[in-house]
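See below for the structure under consideration.
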Amino acid sequence: FFGNDFSYIINIMKVKENSSFRIEKIKSESIYDDKFINKISYRPFDDRYIYFDTKFIERSRGKLSNHFFNKLNIGLVYRRQQLPDNQSYYFLTNNIMADGYIRSDNKGGESVAPLYLYPDENSLTNERTPNLNLEIIKEIEEKLGLKFVNEKEQNSTTFAPIDILDYIYAVLHSPSYREKYKEFLK
């Protein structure tokens with residue numbers, strides 16, 4: 001993009017302009033930077049790379065995407081809208097995600113819920129925090145008789161966010177659970 005002329009970008013690279021993306025304007029205002037190269041989950045089990053500068057990405061979802069860039073994180077991928085065939089798909093990703101990750105249709109796209117939220121660059125702390133409802137976590141602590149910790153420990157008296165995610169993922173794939181609660185899962 002940065003090293004080619006307008007004709008090559010339009011005809012060979014198949015870049016399309018619109019009212020908010022004008023090739024010559026972007027080229028004059030931007031310079032290439034390796035820090036914008038990130039992995040993207042394009043389709044299940046198909047990771048690719050993207051030049052993720054918000055000047056280039058329409059609807060970048062920057063606030064959500066920032067929790068995955070060059071960070072140790074994992075996200076639960078799900079569809080918010082039930083499909084006509086009552087199929088539900090759940091995946092995990094540790095990257096930002098492409099639109100149409102699971103299915104490309106007009107029934108709504110997939111969403112991703114990151115396990116951890118990272119502070120922005122203006123934050124006073126650099127610690128990640130679990131993206132979990134702490135009231136529910138307290139109930140789980142009481143019922144299990146275990147202590148919740150923000151990071152996984154090799155200790156049989158604690159549980160961590162990854163343990164919660166593992167449990168949720170397993171339950172969502174359980175045929176008996178899916179059958180019993182199919183009306184609620186819609």
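Of the helices (runs of 4 or more DSSP H) lying entirely inside segment 90-186, the ones with 2 or more residues being in contact with a Phe, Trp or Tyr (Cβ under 6 Å, 6 or more places away or on another chain), open to solvent by less than 70 Å² (accessible area, probe 1.4 Å) and not small (Gly, Ala, Ser) are found at 134-144, 161-172.
Please go through segment 113-128 and give me each residue that is of a type in the set (A, V, I, L, M, F, W, C) and at pLDDT 90 or above, ordered by number. Within segment 113-128, 113, 115, 117 qualify. Scanning segment 43-84 for residues that are over 30 Å from residue 25 (Cβ atoms), modelled with pLDDT under 75 and open to solvent by 80 Å² or more (accessible area, probe 1.4 Å) yields a total of 3. If a residue has to be among the polar types (S, T, N, Q) and in contact with a Lys or Arg (Cβ under 8 Å, 6 or more places away or on another chain) to count, how many in segment 151-176 make the cut? Qualifying residue count for the region: 2.
A search for C-beta distances below 9 Å between a residue of segment 7-25 that is free of Cβ contacts under 8 Å to residues at least 12 places away in the same chain and any residue that is surrounded by 12 or more Cβ atoms within 10 Å (Cβ to Cβ), counting only pairs 6+ apart in sequence or on different chains, returns 12/4; 16/10; 17/10; 17/23.
Applying the condition of being hydrophobic (A, V, I, L, M, F, W, C) and touching a residue at least 24 places away in the same chain (Cβ under 8 Å) to segment 26-56 and asking which residue is nearest to residue 112 (Cα to Cα) yields 40.
From the list 28, 19, which residue is small (Gly, Ala, Ser), over 15 Å from the mean Cα position of the chain (by Cα), farther than 28 Å from residue 177 by Cβ and at pLDDT 85 or above? Of 28, 19, the one residue that is small (Gly, Ala, Ser), over 15 Å from the mean Cα position of the chain (by Cα), farther than 28 Å from residue 177 by Cβ and at pLDDT 85 or above is 28. The set of residues in segment 8-29 that are open to solvent by 60 Å² or more (accessible area, probe 1.4 Å) and either outside any loop (DSSP other than H, G, I, E, B) or not charged (D, E, K, R) (or both) comprises 8, 11, 12, 13, 19, 20, 24, 25, 28, 29. Checking the structure you have, find out if any residue of segment 150-162 is touching a residue at least 24 places away in the same chain (Cβ under 8 Å) and either touching a helix residue (DSSP H, G or I) at 6+ places or on another chain (Cβ under 7 Å) or more than 20 Å from residue 74 (Cα to Cα) (or both). No.
The values are calculated or read from the model by the stated rules, or taken from the named source; none is laboratory data. Just so it is clear, the model here is predicted, and its values are computed rather than measured. Cβ: placed from backbone, ideal geometry, glycine included. Neighbour counts: every protein chain shown. Ligands, DNA and RNA are stripped out before the accessible areas are found, and what is left, the full protein with its side chains, is counted by its heavy atoms. Shrake-Rupley method; radii C 1.70, N 1.55, O 1.52, S 1.80 Å.
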